[in-house]
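What follows is one structure encoded as structure tokens, with my remarks underneath.
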Amino acid sequence: MNPTPADETARPIRRAVCPGSFDPVTNGHLDIISRASALYDEVIVAVFVNQSKSSLFSLDERRAFLEEVTAPYGNVRIDSFEGLVVDYCRENDIAVIVKGLRAVSDFDYELQMAQMNRGLAGVDTLFMPTNPEYSFLASSLVKEIAKWGGDVSALVPQNVLKSLNERAGAAG
Ligand code: PNS
């Protein structure tokens, strides 16, 4: 039987989270975020606050880059969290974690986390294969290349590029 309009309005909002460090956001992240935004009603890009790991960009800077590059997608919003991703999901009524898989090397650890997160809180993980164009791409590599003056213009959004070259160059 086809759903009536009343049934449709009763449907719960399908909300997903894309968690990560985003230090900084790359074109690979953006590929996953944009594809997730086509699958879910609302996508929250949640920047993980990791006190024990030093980052090149501050939390505010990482959030600002993300705000700007995700502005074209009407259903994506940026947030940050400290602690377990499953607690963040519980507090924000999120049923799904979306993760990009670049290569089989990502799989072992991601599978372990996905199974742990499902066991801890019943939160599922959707693995999305990255666009092959970005299968080698990682924020850590981008920072290292920029540090030594390499060209990362095809790997990060424009708003990140200038700051990255200044910041990574000064640190190198
Ligand atoms: O961009 P990153 O650094 O690869 O992202 C890793 C992140 C933040 C997604 C992952 O470490 C995470 O979910 N951290 C939050 C703490 C947590 O819930 N750990 C998983 C326990 S199974």
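The values are calculated or read from the model by the stated rules, or taken from the named source; none is laboratory data. All values derive from a computational prediction rather than experimental measurement. Cβ sites come from the backbone with ideal geometry, for glycine too, and all protein chains shown count toward neighbours. Only protein heavy atoms, including side chains, enter the accessible area calculation; ligands, DNA and RNA are left aside. Shrake-Rupley method; radii C 1.70, N 1.55, O 1.52, S 1.80 Å.
Compute the Rg to Rh ratio over region 65-172 from the alpha carbon atoms, using the Kirkwood formula for Rh, and round to two decimal places. Intermediate results must be reported in sequence, preceding the final value.
Details: Rg = 16.5 Å, Rh = 16.2 Å.
With Rh from the inverse mean 1/r over Cα pairs, Rg/Rh is 1.02.
May I ask you to rank Asp31, Asp151 by accessible area, largest first, using a 1.4 Å probe over the protein chains only? Kindly include the intermediate steps, with their values, before the conclusion.
Values: Asp31 25, Asp151 120 Å².
Of Asp31, Asp151, the descending order of accessible area is Asp151, Asp31.
Determine the distance separating the Cα centre of region 9-87 from the Cα centre of region 124-172; give it in Å without decimals.
Answer, in whole Å: 16.
Pick out, in residue order, every one of the trypsin sites (Lys or Arg not before Pro) in region 35-122 that is DSSP loop and has at most 14 other C-beta atoms within 10 Å; say none if there are none.
Numbers: sites: Arg35, Lys53, Arg62, Arg63, Arg77, Arg90, Lys99, Arg102, Arg118; in loops: Lys53, Arg102.
Here the trypsin sites (Lys or Arg not before Pro) that fit, given the DSSP loop and packing criteria, are Lys53.
Would you work out the charge dipole size for region 1-135 about its Cα centre, treating the Cβ of every Lys and Arg as +1 and the Cβ of every Asp and Glu as -1, and quote it to the nearest 20 debye? Don't skip to the end; give the middle numbers.
Details: 12 positive and 20 negative charges, 38 e Å.
So the dipole magnitude of region 1-135 works out to roughly 180 debye.
Compute, for Ile145, the solvent-accessible surface of its heavy atoms (probe 1.4 Å) with the complete set of protein chains present, and express it in square angstrom to the nearest 10.
Looks like 70 Å² after rounding.
In percent, how large is the relative contact order of the chain, given Cα pairs closer than 8 Å and 6 or more residues apart? List each step's numbers first, then the result.
Working: 244 pairs, mean separation 45.0, N = 172.
Rounded, it is 26 percent for the chain.
State the answer as a single residue: which of Leu39, Ser55, Ala146 lies farthest towards the positive end of the charge dipole of the chain, with beta carbon charges of +1 for Lys and Arg and -1 for Asp and Glu, about the Cα centre.
Ala146
On the accessible surface of the chain, probed at 1.4 Å, how many percent belong to carbon and sulfur atoms? Walk me through the intermediate numbers first.
Details: 5220 of 9730 Å².
Within the chain, the accessible surface is 54 percent carbon and sulfur.
Leaving out same-chain residues fewer than 8 places away, which lysines sit with a Cα under 22 Å from that of Lys147?
Lys147 reaches Lys53, Lys162.
Can you give the accessible area of Leu66, probe radius 1.4 Å, in Å² rounded to 10?
0
Given a 1.4 angstrom probe, what's the average accessible area per residue across region 83-156, in square angstrom? The partial results should precede the final answer.
Details: 4430 Å² over 74 residues.
For region 83-156, the per-residue accessible area is 60 Å².
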